[in-house]
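A short write-up of the structure that comes next.
The values are calculated or read from the model by the stated rules, or taken from the named source; none is laboratory data. It should be emphasised that the depicted structure is a prediction, and the values quoted were computed from it without experimental measurement. Here Cβ is always computed from backbone atoms with ideal geometry, including for glycine, and neighbour counts include all displayed protein chains. Areas reflect the complete protein model, heavy atoms only, side chains present, ligands, DNA and RNA absent. Shrake-Rupley method; radii C 1.70, N 1.55, O 1.52, S 1.80 Å.
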Amino acid sequence: MTQTFRRLHRTATLLVVVAVCLPVPSALLAQVQPDSFLGQASTVRQGSSLSAQQQGYSLRWVPGLADGRKATVQVSGLSLEAIDALQNPAWNLADWRRVLAVYAEQGDSATASDLPPMLGTYRIQSGVLSFEPQFPLDPGVAYRAEFRLGQLPGAQSAKDARLVAVFKLPAMPQRPGAVVQQIFPSSLTLPENLLKFYVHFSAPMSRGRIYEHIHLRNDAGKEVELPFLEIDEELWDPTMTRLTLFIDPGRIKRGVLPLEEIGPAVKTGKSYSLVIDSDWKDGAGKPLKAGFEKRFRVTAPDRDPPDPAGWKIQAPQPGTRSPLIVTFPEPMDHALAQRVIQVVTDSGRDFSGDVTLEDQERRWVFVPTNPWRSGTYQLLVPTTLEDLAGNNIGKPFEVDLFEGIQRRLATPTVKLLFEVR
Amino acid sequence: MKQIASRSVLALLVLGLFVQGAQAGKLTAEMKEGKPAFQSMGPLAFGPEGILFVADTKGAAIVAIATGDSTPASGAKLLKVEGVNQKIAALLGTTADQVLIEDMVVNPISHNAYLAVSRGRGPDAVPVLVRVKADSQLEVVTLDKVKFSRADLPDPPVDGVVGQGNRQSNPRRESITDIGFLEDRVLIAGLSNEEFSSTLRAIPFPFKTVINGTNVEIYHGAHGRFETRSPVRTFVPFTVAKQPHLLAAYTCTPLVQFPIDALKPGAKIMGKTVAELGNRNRPLDMIVYQKGGKEYLLLANSSRGIMKISTDQIDSVEKIEAPVPDGNKKGLPYETVENWTGIDQLDRLDSQYALVVRRAEGGSLNLESLPLP
């Protein structure tokens, strides 16, 4: 039996293979890389080391039916001998990669020639060699599949003979990027020992070297040097729409070197701007639609712990869902005030509702899910609640060690009673 | 967390508790075989027997993986991968700007390097574990069928209040900034994205079905009379006066020492501040090594230089309790290693070399072996 008869898939010429490569759903773009392909086609047609029968090889990308990002690479036209050899259980990843490799193009990288092929699963099924990438393909990235027919077991082709097909999903459609919706604290005046900002975005954002996009500038436009606690982990919420930005505690705490050497990040009586650059990319890779600037003036440090005894509680009417309003003498930490304060009935049963903060986080507004009933309710306030300077209830941010550390950690929760009548 | 395994070995030797022969295989005996689920991969630490601890911040868990990578390294082989971020990107079928190297750790037995990587930078990023062997080739560690055990971190008390209206989706998350294995427990330093606090959690290993974490509050006296609940950024076990201690670097730059014996449930520990590192020194990674018969601490600082700290006097150094005057750094002496710039990740490769992930111009990252200074 000649090799010609044993061929499973035969196509007339390599150019026909090109045609096989091209039909893809309109939403996708699969292309044969013109230069590489023509060069190889020329080799196939003219190279003395390749027989005519070997022109029947087909290399193509097959986009996933349900998800175009799950494309596979298929090579057909393999001889039975080649298939037998490819099914050798002793073959390892390096053997497979010698025959068929897929590269995610990295642009003009200096080490581009040294880049490894991407990971995936190799299979032989119905006489077709296929490669399924381990990860979904990224839009806008060119993926180059190389089938090195000269490396097939028993191949008589030139060692460097190869077919190349490039697949590229169109880049994500242009749409406006995310925006900064709000920065808390929302007050226009902040204490010199402010502990943190919360930056809220309209859509999930991207991680990695985020501090390059965040600046604190004084009223002359000069950048404050290293004002933030920069940690690689980055303090995002699970949806990646809220970033917590701590001021470097070394610039807040008295008696530590950073404060001694370069002083507080912001100084009493001065004005500053917290600036978010527009080149920060959101989770979809789009730059922010616009930058954001929060201006504020700095007041004296706040070293007094918040005291719930000074809060004003405006009790609602029974039989209504009117809001319970608690007014603080000073702004409280937005995230903690929204999450940790709880309303329970006199018997301690949870009384659910929605919380908003108003008046620059000085007013806590609770709208219950069900109408109020006449009687006594409790407002449970965990002492972990912080003001803008990180002072806890009954426990300042900085504590005098002479007081002893045991005495400070008292009750975990403060209860405030109010009557609905 | 870096050389914590080898340091803990030292500590155990000192205590006469090191019974590797008797324990061999026991640590993995109760592990199950399968595919551990990860939502993210952050800090890494090696324990004994090639067990790799992986912190999953998104999943609020620590996963112990029996890597089986426990063949001792043969000879000194220096790892070097130029453009490691680009090569990982190529391997994962994406571009370098979509790859984040979260942590890098060296297996103290085989000297192979492990990197926790995120493929993608948004909320749908996929965590991947990458290994670099002695030939400096990259490979993805297949976790489809491994022996592993998982410890879900207990919710801290402040998470107990949920379920009212819009609070049902809890935005609070505790990032794990460092982990380490010590004697029979995994230590975890965390930082919340809401309240500012210092907790060091200790979880017994092998993990039990029900994990009761131990929260320890640590105070240190670097600020005159004033003190805060500052979070631990990174830590390393260290032997002082023949007793195992932890040396913890805080976000506000003091280096604080406290005895490991004090890490008891609910403990409130007063640590001893042994050095004030000053401005621009934001602790990132610490390793301990010996050179010329002396012991040193190497502290990487957020890509802004690296500090070499002699620990000769750590036992006798006077604790810092008064404000440090301008320009007069108190505590342990240290020097800045000027030519170690752009260090993103640091671990000890062997007794002579450190392994670093270093940022080059243009944003490219290189994995390099550098002689310990």
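Among the residues of the stretch A:77-114, those that are at pLDDT below 90 and over 17 Å from A:Gln151 (Cα atoms) comprise A:Pro89, A:Glu105, A:Gln106, A:Gly107, A:Asp108, A:Ser109, A:Ala110, A:Thr111, A:Ala112, A:Ser113, A:Asp114.
Condition (residue is of a type in the set (A, V, I, L, M) and crowded, with 20+ Cβ neighbours inside 10 Å) applied to the stretch A:300-308: is it met by at least one residue? Looking for residues that are of a type in the set (A, V, I, L, M) and crowded, with 20+ Cβ neighbours inside 10 Å, one finds none in the stretch A:300-308, hence no.
Does A:Phe37 fit the bill of being open to solvent by less than 40 Å² (accessible area, probe 1.4 Å) and at pLDDT 85 or above? Judged against the criteria, A:Phe37 is not a match. Note on the stretch B:153-195: residues that are at pLDDT below 85, within 24 Å of B:Pro36 (Cβ to Cβ), charged (D, E, K, R) and not in a loop (DSSP other than H, G, I, E, B) total 3. Among the residues of the stretch A:73-105, the ones that are open to solvent by 30 Å² or more (accessible area, probe 1.4 Å) and within 27 Å of the chain's Cα centre (by Cα) come to 2 in all. Restricting to the stretch A:264-305, name every residue that is closer than 29 Å to B:Gln98 by Cα, assigned to a loop (DSSP other than H, G, I, E, B) and either within 14 Å of chain B (Cβ to nearest Cβ) or among the aliphatic types (A, V, I, L, M) (or both). Hits for the stretch A:264-305 are A:Asp279, A:Trp280, A:Gly283, A:Ala284, A:Gly285, A:Lys286, A:Leu288, A:Ala290. Considering the stretch A:161-173, the residues that are within 32 Å of the chain's Cα centre (by Cα) and in contact (Cβ under 8 Å) with a residue 40 or more places away in the chain include one that is most open to solvent (accessible area, probe 1.4 Å), namely A:Met172. Taken over the stretch B:196-226, the criterion of being modelled with pLDDT of 70 or more and either within 17 Å of the chain's Cα centre (by Cα) or open to solvent by 10 Å² or more (accessible area, probe 1.4 Å) (or both) is satisfied by B:Ser197, B:Leu200, B:Arg201, B:Ala202, B:Ile203, B:Pro204, B:Phe205, B:Pro206, B:Phe207, B:Lys208. All of A:Ala220, A:Ala158 fail the test of being part of a loop (DSSP other than H, G, I, E, B), without any contact (Cβ under 8 Å) to a residue 24 or more places away in the chain and away from every other protein chain (no Cβ under 14 Å), apart from A:Ala220. When the stretch A:153-171 is filtered for residues that are closer than 19 Å to A:Ser130 by Cβ and of a type in the set (Lys, Arg), only A:Arg162 remains. Within the stretch A:131-160, the set of residues being open to solvent by 20 Å² or more (accessible area, probe 1.4 Å) and polar (S, T, N, Q) comprises A:Gln134, A:Gln151, A:Gln156.
Would you please name the residue that is surrounded by the fewest Cβ atoms within 10 Å (Cβ to Cβ), looking only at residues in the stretch A:233-246 that are part of a loop (DSSP other than H, G, I, E, B) and facing chain B (nearest Cβ under 7 Å)? Residue satisfying both the conditions and the ranking: A:Thr239. Can you find even one residue in the stretch A:85-106 that is in a loop (DSSP other than H, G, I, E, B) and within 11 Å of chain B (Cβ to nearest Cβ)? Checked against the condition, which is being in a loop (DSSP other than H, G, I, E, B) and within 11 Å of chain B (Cβ to nearest Cβ), the stretch A:85-106 yields at least one hit. I'd like the full set of residues that are within 7 Å of chain A (Cβ to nearest Cβ) and not basic (Lys, Arg), limited to the stretch B:78-88. Hits for the stretch B:78-88 are B:Glu82, B:Gly83, B:Gln86. Return a yes/no flag: does the stretch A:111-125 have any residue that is over 30 Å from B:Val99 (Cα atoms) and open to solvent by less than 80 Å² (accessible area, probe 1.4 Å). The answer is yes; a qualifying residue exists.
Of all residues in the stretch A:311-368, those that are assigned to a strand (DSSP E or B) and either small (Gly, Ala, Ser) or surrounded by fewer than 20 Cβ atoms within 10 Å (Cβ to Cβ) (or both) total 15.
Of the residues that make up the stretch B:353-360, is at least one open to solvent by less than 60 Å² (accessible area, probe 1.4 Å), within 12 Å of chain A (Cβ to nearest Cβ) and at pLDDT 90 or above? Within the stretch B:353-360, one or more residues are open to solvent by less than 60 Å² (accessible area, probe 1.4 Å), within 12 Å of chain A (Cβ to nearest Cβ) and at pLDDT 90 or above.
Any residue that is touching a Phe, Trp or Tyr at 6+ places or on another chain (Cβ under 9 Å), at negative phi, modelled with pLDDT of 95 or more and surrounded by 21 or more Cβ atoms within 10 Å (Cβ to Cβ) - is there at least one of those in the stretch A:218-230? Scanning the stretch A:218-230 turns up no residue that is touching a Phe, Trp or Tyr at 6+ places or on another chain (Cβ under 9 Å), at negative phi, modelled with pLDDT of 95 or more and surrounded by 21 or more Cβ atoms within 10 Å (Cβ to Cβ).
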